[in-house]
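Novice: Below: one structure in structure tokens.
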Amino acid sequence: MIRVEPGKEYITWAKRNTCNNVYPLSIAENRQYGDIFVDNVIDPHSVLFWHYCGFAYLTGEASDTVLKEIAEEISVKSTRRMILITDDPSAISFMDNMGCVISKRFEYEYGGVPCGCIKQCGFEVKKIDANNIHSITGRIIPSFSWEEEQFLRNGFGYIAELNNRYCGIAFSSAVSSEEVDIGVEVDSSYRGQGIASALALKMCEEIINMGKKPVWAHAESNVGSMHTALKCGFIQKKTNWCCCISLDH
């Protein structure tokens, strides 16, 4: 496959992806870093969107030739991991035969917050900016899916502090012109206090005020993320599959 630059011609391809649109669109609209590969520049049948965080989405024809090239060539030429997210049974079968680790991923759409579901906690909520971004620790934080300068320009989020100590975060993991995917992580010392759901709700309010849709997704194993999503009014929309082609280097 051939690497191409983001452009308007790939926005339509990103919107056609049947797993989700926000990650492919974030690349096609040049809001977040990532790579786009096509099988043919003039008349493509397959377009691969490979996000900065490592999530990859294939739109169009998932032929064995394309899938083999993704698994054996594209993924190994970068220090970035690749996790192909797909709902195509043939792609799942092919990657399984290639020895990839396969797992389920649940996608949600926003249905509104059930009344009274969010506990009020005694922490302070602050918007992420250049002054506090370096206090953020953990795995699912802005550096998961953004370079810092780009996040401060195109992304947004909130941190929770208690007695001037960092407790947790909710932020825009992926941003498109239509949707925002929410990433949440709470420091292990502060879990079970309603911080995740309160921060996620704050994100939902801001996203809706922007005229966009909040979206949510998590691995099947992430039960905590599931509970937070349901508590905040998200409704499970579909199940996709993650094919772990290359691990973190």
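Novice: Based on what the data block shows, is residue 177 under 17 Å from residue 23 (Cβ atoms), at pLDDT 95 or above, among the hydroxyl-bearing types (Ser, Thr, Tyr) and crowded, with 17+ Cβ neighbours inside 10 Å? Break it down stepwise before answering.
Specialist: Details: under 17 Å from residue 23 (Cβ atoms): yes; at pLDDT 95 or above: yes; among the hydroxyl-bearing types (Ser, Thr, Tyr): yes; crowded, with 17+ Cβ neighbours inside 10 Å: no.
Against the criterion (under 17 Å from residue 23 (Cβ atoms), at pLDDT 95 or above, among the hydroxyl-bearing types (Ser, Thr, Tyr) and crowded, with 17+ Cβ neighbours inside 10 Å), residue 177 does not qualify.
Novice: Kindly list the number of the only condition in (1) closer than 24 Å to residue 28 by Cβ; (2) modelled with pLDDT of 95 or more that fails for residue 184.
Specialist: Just one mismatch for residue 184, condition (1).
Novice: With the checklist (1) aromatic (Phe, Trp, Tyr); (2) under 23 Å from residue 20 (Cβ atoms); (3) part of a strand (DSSP E or B) in hand, flag the one item residue 151 doesn't pass.
Specialist: Every condition holds for residue 151 apart from (3).
Novice: Now for a different question. Quick one: in the stretch 92-139, which of the residues that are of a type in the set (D, E, K, R) and in a loop (DSSP other than H, G, I, E, B) is modelled with the highest pLDDT?
Specialist: 129
Novice: Select from the stretch 127-167 the residues that are β-branched (Val, Ile, Thr) and touching a strand residue (DSSP E or B) at 6+ places or on another chain (Cβ under 8 Å) and write down the one among them that is surrounded by the fewest Cβ atoms within 10 Å (Cβ to Cβ). Let's see the steps before the verdict.
Specialist: The first filter runs over the stretch 127-167 and keeps only residues β-branched (Val, Ile, Thr), leaving 128, 133, 136-137, 140-141, 159.
Okay, now just the ones that are also touching a strand residue (DSSP E or B) at 6+ places or on another chain (Cβ under 8 Å), so 128, 136-137, 140-141, 159.
Details: 128: 22, 136: 18, 137: 10, 140: 19, 141: 22, 159: 23.
Result: 137.
Novice: Now, a different point. If only one of 168, 211 is at pLDDT below 95 and over 30 Å from residue 67 (Cα atoms), which one is it? If you could, list the steps in order and put the result at the bottom.
Specialist: Values: 211 fails: at pLDDT below 95.
Unique residue meeting the criteria: 168.
Novice: Is it fair to say residue 186 is crowded, with 22+ Cβ neighbours inside 10 Å, of a type in the set (A, V, I, L, M, F, W, C), closer than 30 Å to residue 7 by Cβ and in contact with a helix residue (DSSP H, G or I) (Cβ under 9 Å, 6 or more places away or on another chain)?
Specialist: Working: crowded, with 22+ Cβ neighbours inside 10 Å: yes; of a type in the set (A, V, I, L, M, F, W, C): yes; closer than 30 Å to residue 7 by Cβ: no; in contact with a helix residue (DSSP H, G or I) (Cβ under 9 Å, 6 or more places away or on another chain): yes.
So residue 186 does not fit the description; no.
Novice: To continue, here is another question. Does residue 80 satisfy being in contact with a helix residue (DSSP H, G or I) (Cβ under 7 Å, 6 or more places away or on another chain), of a type in the set (Lys, Arg) and not assigned by TED's automatic domain parsing to the domain that holds residue 150?
Specialist: When the stated conditions are applied, residue 80 does not pass them.
The values are calculated or read from the model by the stated rules, or taken from the named source; none is laboratory data. This is a predicted model, so every value here is computed, not measured. A quick note on method: Cβ atoms are made from the backbone with ideal geometry, for glycine too, and the neighbour counts reach across all protein chains shown.
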